[in-house]
1. I need the Kirkwood Rh of region 137-299: take the reciprocal of the average 1/r across all distinct C-alpha pairs and report it in angstrom.
2. When you take every Cα atom in region 236-337, what is the radius of gyration, and what is Dmax, the widest Cα pair distance, in Å?
3. Helix-only mean residue ellipticity at 222 nm, the chain, DSSP H runs n ≥ 4 weighted -39,500 (n - 2.57), per residue, nearest 500. What is it?
4. When the convex hull of the Cα atoms of region 194-259 is projected onto a plane and the area is averaged over all directions, what value comes out in nm²?
5. Report, to the nearest 10°, how far helix 137-152 tilts away from the longest principal axis of the Cα atoms in the chain, using its own Cα long axis and a range of 0 to 90°.
6. If you count, for each residue, the other Cβ atoms within 10 Å and average over each peptide, how do 227-238, 207-218 line up from highest to lowest?
7. Between the DSSP loop rule and a limit of at most 10 other Cβ atoms within 10 Å, which trypsin sites (Lys or Arg not before Pro) in region 271-327 are left?
8. Using a cut-off of 10 Å between beta-carbons, work out the net charge of the residues near Ala311 (Lys and Arg +1, Asp and Glu -1, Ala311 not included).
Amino acid sequence: MQEFAGSHILSVNDFDRSHVERIFAVADHMEPYARRRRMTKVLDGAILGSMFFEPSTRTRVSFGSAFNLLGGEVRETTGFESSAIAKGESLYDTARVLSGYSDVIAMRHPAEGSVAEFAAASRVPVINGGDGSNEHPSQALLDLYTIKSELASRHRGIDTLRIAMVGDLRHGRTVHSLCKLLCLFDDVQVVLVSPDELKMPGEIVEAMRSAGHIVKESDTLESSISNVDIVYSTRIQEERFQSAEEADLYRGRFRLNQAVYTSHCEPNTVIMHPLPRDSRDNARELDDDLNDNPNLAIFRQTDNGVLVRMALFVLILDVVGDVHKHARDVNWYTAGRFQ
Ligand code: CP
């Protein structure tokens, strides 16, 4: 990718380090708008086509909120049953039609490569909101932005990061994209904790090793989280298994709770998760008893998702320099919401 303006965001493979740093710098500037201290109408008249063919809370709503906070409007399609795809329409035709109604499209689809196929037919930029087990680029960007923010207070950066990724690393698209992004940084140490059947794909492990990172694989939680800056927990991706019973074989295998954290983690180890976490009794990969732990960053991640998605929109629609021109202060009550 040469320039952001007019570009699709389909895979983190399209980024170099300068792209990531540019997105983060613009995201920093979105902070007063995302935190409701200022409002802008820079995207007044623009339309986001939001097309989510798999369940989503965070990605769908935060893309929509980010666009609204920039003054634009959102048109949503949720689920195949509310789309003419249910009547046999192809992705090509859907893309040609929807790109006539929208200025940019955010899309989630269960099939790997489907968002890229859609983008090839679209006449407007398309952002991949998750395509099967493949990629989730905006999630990886917000995760890395959160890592950067959390470590800044410790005078650390992403270079030399020590991170443990835990859970369903085979199907988890967020960890696939995050590992690829980490390849753009230096001297990272990664511990990949999963059941043998749910290991990180070999080509991603090889890419990290080729980038000079130290990568270890393990099937034991406790010994893997003792010397890391970040524990990044993930859910068993039930929707990628043949049956719920097959997913049950792995659910609950790795449970991070306050007792495990206290016994095994360094003080102030940051706890992350892309969410949703599975809070059912047979899962609990990230226990609710961590909710008052100040190092639990999961809701700072979700807040940061708005900043990062606002940054993507103003970069893709080429209005970074105009955001402040279309801005004014807001006066409504926001105390205590953003801490
Ligand atoms: N992290 C994430 O993609 O969450 P949603 O499935 O709720 O969008």
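1. Values: mean 1/r = 0.0636 Å⁻¹.
After inverting the mean inverse Cα-Cα distance, the result is 15.7 Å.
2. 19.4, 55
3. Working: 11 runs with 114 residues, N = 339.
Dividing the helical sum by the residues of the chain leaves -10000 deg cm²/dmol.
4. Details: hull surface 22.3 nm².
Dividing the Cα hull surface by four gives the mean projection, 5.6 nm².
5. Roughly 60 degrees between the two axes.
6. Numbers: 227-238: 22.2, 207-218: 14.8.
Ranking, from highest mean packing down: 227-238, 207-218.
7. Working: sites: Arg277, Arg280, Arg284, Arg300, Arg309, Lys325; in loops: Arg277, Arg280, Arg284.
Passing both the DSSP loop test and the Cβ count: Arg280.
8. On the way: positive: Arg22, Arg309; negative: Asp28.
It works out to a net charge of +1.
The numbers here are math on the coordinates, done by the rules we state, and not lab data. These figures come from a predicted structure and were not determined experimentally. In this analysis, Cβ positions are derived from the backbone assuming ideal geometry, glycine residues included, and neighbour counts consider all displayed protein chains.
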